[in-house]
Every structure is written in structure tokens, then in C-alpha cells.
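Asker: My questions will all concern the structure given below.
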């Protein structure tokens, strides 16, 4: 009597050889979504691009200014600057740092700018910093404890941060006399004093 045929075991599919296809497909989806979002909303980057003009603003100085919000749309009068406010009006070349009081790297960027400022004679270039979304007392405390002598302002309501699309730090804007941006420096690479000083010298000499 013949035996019934044995059932074949279910085939097992080795998915390892398909993993690279799955990875490529996922990457393609990510790229497609990014392109869609870029086209829909535009690419937002912090600060102002080289060759464009800085946005003028007046922000109260942490040490001597009033406890008031910054003004993102002031009248620009280089002949009569506000003595208790950081007035970005294009009178001289400018090195401006945007920083967050809660970030160690951002505060070190102001330290670096402070050190670089000592390498240049007064009046040759303006050095300044502004704390984004920070109050007067916390900013003034940093000015005292870190011995900053460059003008340091505060932007309590984030108006200047929004004006410049500041969502990362450290960020340094270098602008020619008149307010045209020469360079926008982003990241911890510029925490190095000699590296930042070289950029500022190039701005002054140009």
C-alpha cells in the first residue's frame, strides 16, 4: 500500500535581501516630503543673508535701559542714537550676536565677541549682542557675572528674534557700514577667538 504524499513545508522568504530596497523607498519618501514642505512654506533660515540689509531695531540695554519690549520698527536716526538702547542703524560696521541665556554655547559666543572687541580700536566697528526671549534681570546678571562690556540688549517678547528668524544659536551677523550683511556665521565653529577675529578683520578692511 502506497503512502500518501508528504505535505511540503511552507516556504520561508528571506527578507534580508529586500532591506536595502525598503531603506531606499523610505529615504525617497523623506526627500519627497521635504521638497513638498520646502515648496509649500519656503526654506526658513536664521538671520539675514549676505548682501541683504539688516533689519533695524532698537532694544533696551540690560545694564542701563528701561524694562520695556524691543522695538522692531524704529526710526533710524544715526545722528541721535538712543543712549540706553542698542540701535542698529548702520553708522559703523557691526558684529552682532543673537544668543539665548539658557545656552552655554550661545553665552560663550558673547564671551568670544567680547574678547575680539578688545583687538579693535573704539569706533572702528560696533560690537553688540542681544538676548532673545530674555528679561532684563537675567540678562543684566549675565552681563555682570561674565564681565561683558560690549552693549548687550534684551528682547523680552521675542520681537527681534522673530524679525531675524532666529531659531538657532550661536549666530553672528557681520554687516558693513550702512547695514549690508557681509557674512552670517552660525555654529560653534565661531567660538574660536582667532577664527572670529579673522572674519571681523576682513569686514573692517573691506
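Matching residues to (1) closer than 16 Å to residue 56 by Cβ; (2) assigned to a loop (DSSP other than H, G, I, E, B); (3) at pLDDT below 90; (4) touching a helix residue (DSSP H, G or I) at 6+ places or on another chain (Cβ under 7 Å):
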residue	(1), (2), (3), (4)
147	no, yes, no, no
150	no, yes, no, yes
153	yes, no, no, no
161	yes, no, no, no
173	yes, no, no, no
194	no, no, no, no
204	no, no, no, no
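Asker: Got a sec? Which of 90, 39 is surrounded by 19 or more Cβ atoms within 10 Å (Cβ to Cβ) and at pLDDT below 85? Even if it seems obvious, please write down each step before you answer.
Answerer: Details: 39 fails: surrounded by 19 or more Cβ atoms within 10 Å (Cβ to Cβ).
Result: 90 is the single residue among 90, 39 that is surrounded by 19 or more Cβ atoms within 10 Å (Cβ to Cβ) and at pLDDT below 85.
Asker: Identify all residues within the stretch 109-140 that are in contact with a helix residue (DSSP H, G or I) (Cβ under 7 Å, 6 or more places away or on another chain) and more than 22 Å from residue 202 (Cα to Cα); write none if there are none.
Answerer: Those that are in contact with a helix residue (DSSP H, G or I) (Cβ under 7 Å, 6 or more places away or on another chain) and more than 22 Å from residue 202 (Cα to Cα): 130, 131, 132, 133.
Asker: Please enumerate the residues belonging to the stretch 98-113 that are within 19 Å of residue 59 (Cα to Cα) and over 14 Å from the mean Cα position of the chain (by Cα).
Answerer: 113, the sole residue that qualifies.
Asker: For the stretch 166-184, which positions are surrounded by fewer than 20 Cβ atoms within 10 Å (Cβ to Cβ) and within 8 Å of the chain's Cα centre (by Cα)?
Answerer: Within the stretch 166-184, 167, 168 meet the criteria.
Asker: Quick one: count up the residues across the stretch 52-84 that are crowded, with 21+ Cβ neighbours inside 10 Å and in a strand (DSSP E or B).
Answerer: 4
The values are calculated or read from the model by the stated rules, or taken from the named source; none is laboratory data. These numbers come from a predicted model, not from an experiment. Don't worry about glycine lacking a Cβ; one is built from the backbone with ideal geometry, like all the others, and counts go over all protein chains shown.
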